[in-house]
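The values are calculated or read from the model by the stated rules, or taken from the named source; none is laboratory data. Model, not experiment: these values are computed from the prediction. Positions of Cβ are backbone-derived with ideal geometry, glycine not excepted, and every protein chain shown enters the neighbour counts.
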Amino acid sequence: MAAKTVAKPSARERLLASANELFYARGVQSVGIDQIIEHAGVAKASLYNTFGSKEELVRAYLESRRESTLGRITRAMSRFRTPRERLLGVFVAQGEAMSAPTYNGCAFVSAAAEAPHGGRVEQVCDDYREEIRSIFADLAAQAGVADPDTLARKLHLLYDGAMVSARMDRDPQAAAFAREAAEALLDAALAESAGS
């Protein structure tokens, strides 16, 4: 029986993998194109033919982070039955991400801090943040909260705070504390909605 050959990743895949590793670990601005190219083992022309610019590579890196983060959240939510449990499950997914040895904070917060105002990188970060708020708002509405958008904003603050605390304070319990606070906010919003 012939040995199965494994296809070598494409130049695009190698560039994105390198960008993901280096940008996330060191920051978007501190990693140069030459470092990405060397790490990926591709020619400089491959990067420019595939992405056109560093900004487009950063955008693609953030899009891949968005997909993996939203996938992780979706998988975590699928483990729970009710909208209330699924909403709190978002913080479970966050805690799982934070427990990874390679956790280095939020890629979007880091990239946005370094991005020029009004550029494509900032737009990707804004779109991602809107998706997270929408998840919270949709689940809050499904749970029966009368003002899901306001609760979503509060929950998003907790979500952000947990990421910063896990990174800056090296607090392994940040997501668990955020989940507890989210549960209290959700219960209060449900009680208020029931009394209306």
ask   = Restricting the first residue to region 167-183 and requiring it to be over 18 Å from A25 (Cα atoms) and basic (K, R), which pairs with a second residue that is at pLDDT 90 or above and surrounded by 17 or more Cβ atoms within 10 Å (Cβ to Cβ) meet a Cβ separation below 8 Å and a spacing of at least six or different chains?
value = R179/L88; R179/F91; R179/V92; R179/G95
inquiry  = Which residue is farthest from S110 (Cα to Cα), if the candidates are limited to region 137-186 and must be out of contact with any helix residue (DSSP H, G or I) (no Cβ under 6 Å at 6 or more places or on another chain), part of a loop (DSSP other than H, G, I, E, B) and at pLDDT below 95?
reply    = Q173
remark   = V121 meets each of (1) surrounded by fewer than 15 Cβ atoms within 10 Å (Cβ to Cβ); (2) at pLDDT below 95; (3) β-branched (V, I, T); (4) assigned to a helix (DSSP H, G or I) with one exception, condition (1)
request  = Could you list, in sequence order, all residues of region 30-82 that are over 21 Å from A100 (Cα atoms) and among the aromatic types (F, W, Y)?
outcome  = Y48, F51, F80
message = Return the residues of region 173-186 that are closer than 17 Å to A97 by Cα and crowded, with 18+ Cβ neighbours inside 10 Å; say none if nothing qualifies.
response = A174, A175, A178, R179
task = Taking the residues in region 98-118 that are of a type in the set (G, A, S) and loosely packed, with under 13 Cβ neighbours inside 10 Å as candidates, determine which candidate is farthest from the chain's Cα centre (by Cα).
result = G118
query = more than 28 Å from T82 (Cβ to Cβ) and surrounded by fewer than 17 Cβ atoms within 10 Å (Cβ to Cβ): does that describe R170?
reply = yes
ask   = For A189, are the conditions met, namely being in the same structural domain as L70 (by TED's automatic domain parsing), touching a residue at least 40 places away in the same chain (Cβ under 8 Å), assigned to a helix (DSSP H, G or I) and closer than 26 Å to A100 by Cβ?
value = no
request  = Just give me the residues in region 50-82 being over 23 Å from D126 (Cβ atoms) and of a type in the set (K, R), in sequence order.
outcome  = R75, R79, R81
